[in-house]
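Asks: Handing you this structure, nothing more for now.
The values are calculated or read from the model by the stated rules, or taken from the named source; none is laboratory data. Source: prediction; values computed, not measured. No Cβ is skipped: glycine too gets one built from the backbone with ideal geometry, and neighbour counts run over all protein chains shown.
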Amino acid sequence: MRSVRWRVCYLAAALMVSGCTPHGRAKAKPEPVPPPATTHRVSERPKLLVVLVIDQLRADYLDRMRDLLVDGGFRAFLDGGANYASCRLRHLPSYTGPSHAAISTGACPDGNGIVGNEWWNPNAGQVEYCVDQPGATILGEPSGIGATRVGPENLRTTTLGDELKMATGGRAKVVSIALKDRAAILMGGRLADAALWYDQGKGAWITSTAYGRKLPDWAAAVNAERYPALQRGKRWKPLMTADQARARGGFETVWGERFGTQSAAIFADAVNSKVEETTEAYFGVFTQTPRANDYTLLTALAAVRAERLGARDTTDLLFVSLSSTDYVGHKYGPNSWEALDFTLQTDRALAGFLKELGALVPGGLGACTLALTADHGVAPAPAQAALMGLPALRIDDKKLLDEARAVVAARFQNGALVTSWTEPYLTIDRAAVRRAGLDLEAVQAAAAEGVMRVEGVSSAWPVTRLLRGQVPPTVLGARLAHAVHPDVSGDVLVLLDPLCLAGDTKYATSHGQAYVYDSAVPLLFAGRGIKAGVDYSEASTLDIAPTFAALAGILPPASCEGRVLPCVVPVR
């Protein structure tokens with residue numbers, strides 16, 4: 001155990017690479033470690049494929065913060081890799097579950113079956129979580145907080161990892177790590193050797209019986225170090241000053257307290273006021289601090305070492321999703337000092353991770369191919385946008401249901417046929433429709449008509465029509481057609497106006513729509529087999545799986561709709 005403790009401490013030190021001080025003064029930068037760009041045919045396939053997903057990292061963050069980034073972090077990709085600067089999500093809705101599934105499968109919800117973070121299950125009469133798997137149980141030391149039966153069963157196609165396992169007769173290793181269970185599971189797929197996520201009650205990594213009979217020994221060793229518990233009481237100190245943030249569009253804001261350009265007295269007080277929490281609630285607060293990214297990356301490096309990823313006679317695959325950016329973005333909004341500073345914190349953690357990864361893999365980072373992206377962006381905080389004079393609204397979920405039910409009641413004498421609102425879907429009681437001898441599409445159309453009476457709703461689409469392909473011949477129409485799956489979609493797909501959000505008002509903002517602020521994400525590649533340069537041609541996160549499949553010499557996932565990007569250098 002002493003050796004495990006020494007390794008974790010060493011890795012923590014490696015991740016705490018220097019950047020700006022809390023007062024904005026520059027420290028010594030780490031040695032540059034950009035993966036080398038390739039300009040010719042390569043003689044070997046990558047030893048390790050790495051997909052880094054930074055939850056809610058909107059594309060403009062890197063441009064706004066570029067002059068404050070250190071060498072070896074995001075710059076390893078921006079300066080030494082391939083940058084698809086016009087990347088847009090091609091799927092709806094832009095939530096964590098569907099977006100991670102899109103990355104790993106190269107498919108939209110109609111192909112992979114993940115139509116939302118959750119959806120209404122009419123057979124069970126309740127909302128179903130996207131990674132719900134009856135019969136699966138949690139492994140490790142679960143607290144009981146969060147989902148207790150999870151696995152990849154709802155994925156209706158293969159993932160990149162599944163294809164790599166099949167192509168190598170199981171010899172390739174696939175590991176997936178994220179704080180969020182749905183991110184880890186939907187990236188890893190069915191055949192991953194390990195998929196880990198974070199228990200917010202115990203502050204430890206857990207998995208499920210979908211991935212074996214016990215938590216991997218190396219993960220248990222990381223848990224034994226109690227890294228999150230040891231961070232209790234440590235405040236999030238900014239790397240950038242308020243003036244630096246304001247110059248890059250950042251307002252100092254806390255949801256419910258300060259909006260617009262008003263001055264904030266204390267940085268990140270909604271987080272820092274709770275880091276000394278002595279109950280289990282602290283482990284949830286920990287996920288909103290930069291140290292949660294450090295912890296995720298430390299654990300990924302432990303996996304590389306223990307599983308010898310990239311050090312064997314085949315190509316291995318590592319998925320890592322950094323979830324904390326999403327938690328901070330929801331709490332403070334994208335135009336906040338906190339969100340911008342968190343981008344810098346992530347940059348420093350990434351630099352430390354890449355440096356240590358290069359030391360662990362024989363041949364260094366030049367033997368690896370890396371992709372970096374985000375699962376989605378985020379909308380401006382409606383309260384901020386409204387104060388600036390923009391037409392931003394918060395829409396009451398109850399009003400959506402009430403208006404849909406009112407029209408259905410007037411037309412079919414039974415408003416209760418509209419059973420629920422689980423964004424972005426209204427759901428109809430289909431069994432009751434059949435018993436009443438009604439036409440389902442007519443009921444869906446009535447509900448759609450009702451919900452469109454609500455201010456802030458852009459359009460509403462009966463799913464029966466979408467499944468028939470009755471969509472406008474536009475980019476949005478294509479997304480609508482790919483958003484629905486006949487087995488799990490709701491009955492009316494609702495789209496909101498720009499800058500409008502529905503539901504939970506305890507957070508500053510959210511995401512989920514098709515607008516640029518939700519769909520514009522970074523798409524960066526670096527390492528073996530990648531030509532450096534900026535490319536403004538059409539690209540999406542669906543292209544990661546086929547691009548990596550080409551580099552590994554395997555088939556893309558079964559339902560893949562993405563393309564191999566032109567940054568790929570052929571293998572001799």
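Asks: Search the range 150-169 for residues being part of a loop (DSSP other than H, G, I, E, B) and of a type outside the set (S, T, Y), and hand back the single one that is nearest to G212 (Cα to Cα).
Replies: Looking at residues that are part of a loop (DSSP other than H, G, I, E, B) and of a type outside the set (S, T, Y), I get G151.
Asks: Could you tell me how many of the residues in the range 428-452 are within 33 Å of the chain's Cα centre (by Cα), under 16 Å from D402 (Cβ atoms) and surrounded by 22 or more Cβ atoms within 10 Å (Cβ to Cβ)?
Replies: The qualifying residues number 5.
Asks: Also: Would you mind finding the one in V407, V320 that is within 30 Å of M166 (Cβ to Cβ) and in contact (Cβ under 8 Å) with a residue 12 or more places away in the chain?
Replies: V320
Asks: List the number of the failed condition for G437; all other conditions in (1) assigned to a loop (DSSP other than H, G, I, E, B); (2) in contact with a helix residue (DSSP H, G or I) (Cβ under 9 Å, 6 or more places away or on another chain) hold.
Replies: For G437, the failing item is (2).
Asks: A further question follows. Can you go through A359, A303 and tell me which one is in the same structural domain as D217 (by TED's automatic domain parsing), without any contact (Cβ under 8 Å) to a residue 60 or more places away in the chain and among the hydrophobic types (A, V, I, L, M, F, W, C)?
Replies: A359
Asks: Further, regarding this structure: Please go through the range 136-150 and pick out each residue that is of a type outside the set (A, V, I, L, M) and free of Cβ contacts under 8 Å to residues at least 60 places away in the same chain.
Replies: If the condition is that a residue be of a type outside the set (A, V, I, L, M) and free of Cβ contacts under 8 Å to residues at least 60 places away in the same chain, then G144, G146, T148, R149 are the ones that fit.
Asks: Sort through F319, F342 and tell me the only one that's among the aromatic types (F, W, Y) and over 30 Å from A242 (Cα atoms).
Replies: The unique qualifying residue is F319.
Asks: Continuing with this model, one more query. Would you mind finding the one in Y227, Y198 that is among the aromatic types (F, W, Y), surrounded by fewer than 24 Cβ atoms within 10 Å (Cβ to Cβ) and in contact (Cβ under 8 Å) with a residue 40 or more places away in the chain? Quick ask: steps written out before the conclusion?
Replies: Numbers: Y198 fails: surrounded by fewer than 24 Cβ atoms within 10 Å (Cβ to Cβ).
The conditions single out Y227.
Asks: Pairs please, first residue from the range 99-119 and free of Cβ contacts under 8 Å to residues at least 24 places away in the same chain and more than 15 Å from A539 (Cα to Cα), second anywhere and outside any helix (DSSP H, G or I) and of a type outside the set (K, R), Cβ atoms under 6 Å, 6+ apart in sequence or on different chains.
Replies: none
Asks: Residues that are hydrophobic (A, V, I, L, M, F, W, C) and under 30 Å from T547 (Cα atoms): list the strands (runs of 3 or more DSSP E) wholly contained in the range 289-405 that include at least 1 such residues. Lay out the reasoning, then the answer.
Replies: Numbers: elements: 316-322, 368-373, 393-395.
Here the list reads 316-322, 368-373.
Asks: Being touching a strand residue (DSSP E or B) at 6+ places or on another chain (Cβ under 9 Å) and of a type in the set (D, E) is the filter; apply it to the range 512-559 and report the residue that is farthest from V571 (Cα to Cα).
Replies: Among residues in the range 512-559 that are touching a strand residue (DSSP E or B) at 6+ places or on another chain (Cβ under 9 Å) and of a type in the set (D, E), the one farthest from V571 (Cα to Cα) is E538.
Asks: Still on this structure: Name the residue, out of W218, W205, that is among the aromatic types (F, W, Y), more than 19 Å from A101 (Cβ to Cβ), assigned by TED's automatic domain parsing to the domain that holds Q56 and out of contact with any Phe, Trp or Tyr (no Cβ under 7 Å at 6 or more places or on another chain).
Replies: Step by step, each of W218, W205 is checked, and only W218 is among the aromatic types (F, W, Y), more than 19 Å from A101 (Cβ to Cβ), assigned by TED's automatic domain parsing to the domain that holds Q56 and out of contact with any Phe, Trp or Tyr (no Cβ under 7 Å at 6 or more places or on another chain).
Asks: While we're on this one: Which residues, counting only those in the range 113-139, are of a type in the set (S, T, N, Q) and either over 22 Å from the mean Cα position of the chain (by Cα) or not in a loop (DSSP other than H, G, I, E, B) (or both)?
Replies: N121, N123, Q126, T137
Asks: Please state which of the following conditions K531 fails to meet, knowing it meets all the rest: (1) surrounded by fewer than 24 Cβ atoms within 10 Å (Cβ to Cβ); (2) within 20 Å of A374 (Cα to Cα); (3) charged (D, E, K, R); (4) assigned by TED's automatic domain parsing to the domain that holds D55.
Replies: Among (1) surrounded by fewer than 24 Cβ atoms within 10 Å (Cβ to Cβ); (2) within 20 Å of A374 (Cα to Cα); (3) charged (D, E, K, R); (4) assigned by TED's automatic domain parsing to the domain that holds D55, the lone unmet condition for K531 is (2).
Asks: OK, next. Based on what the data block shows, is S99 within 26 Å of P556 (Cα to Cα) and not in a loop (DSSP other than H, G, I, E, B)? Step through it out loud before you land on a result.
Replies: On the way: within 26 Å of P556 (Cα to Cα): yes; not in a loop (DSSP other than H, G, I, E, B): yes.
Against the criterion (within 26 Å of P556 (Cα to Cα) and not in a loop (DSSP other than H, G, I, E, B)), S99 qualifies.
Asks: Return the residues of the range 275-288 that are surrounded by 15 or more Cβ atoms within 10 Å (Cβ to Cβ) and more than 22 Å from the chain's Cα centre (by Cα); say none if nothing qualifies.
Replies: V275, E277, Y282
Asks: Identify, from the list G456, G469, G490, the residue that is more than 30 Å from G169 (Cβ to Cβ) and surrounded by fewer than 20 Cβ atoms within 10 Å (Cβ to Cβ).
Replies: Checking each option against the conditions leaves just G469.
Asks: Condition first: more than 24 Å from A550 (Cβ to Cβ), charged (D, E, K, R) and part of a loop (DSSP other than H, G, I, E, B). Now tell me which residues in the range 42-77 satisfy that.
Replies: Once the filter is applied, which keeps residues that are more than 24 Å from A550 (Cβ to Cβ), charged (D, E, K, R) and part of a loop (DSSP other than H, G, I, E, B), the range 42-77 yields D55, R58, D71.
Asks: Run down A172, A147 and say which single residue is part of a loop (DSSP other than H, G, I, E, B) and surrounded by 20 or more Cβ atoms within 10 Å (Cβ to Cβ).
Replies: Numbers: A147 fails: surrounded by 20 or more Cβ atoms within 10 Å (Cβ to Cβ).
Just one listed residue meets the conditions, A172.
Asks: Failed condition for A59, given (1) under 28 Å from V492 (Cβ atoms); (2) modelled with pLDDT of 95 or more, with all others met?
Replies: Condition not satisfied by A59: (1).
Asks: Sticking with this structure for a sec: Go through (1) modelled with pLDDT under 95; (2) touching a helix residue (DSSP H, G or I) at 6+ places or on another chain (Cβ under 6 Å) one by one and return the number of the condition N293 breaks.
Replies: So the condition that N293 fails would be (1).
Asks: Mind telling me which of the residues P382, P391, P424 ends up being in contact with a Lys or Arg (Cβ under 7 Å, 6 or more places away or on another chain) and within 21 Å of L501 (Cβ to Cβ)?
Replies: Values: P391 fails: in contact with a Lys or Arg (Cβ under 7 Å, 6 or more places away or on another chain); P424 fails: in contact with a Lys or Arg (Cβ under 7 Å, 6 or more places away or on another chain).
Only one candidate qualifies: P382.
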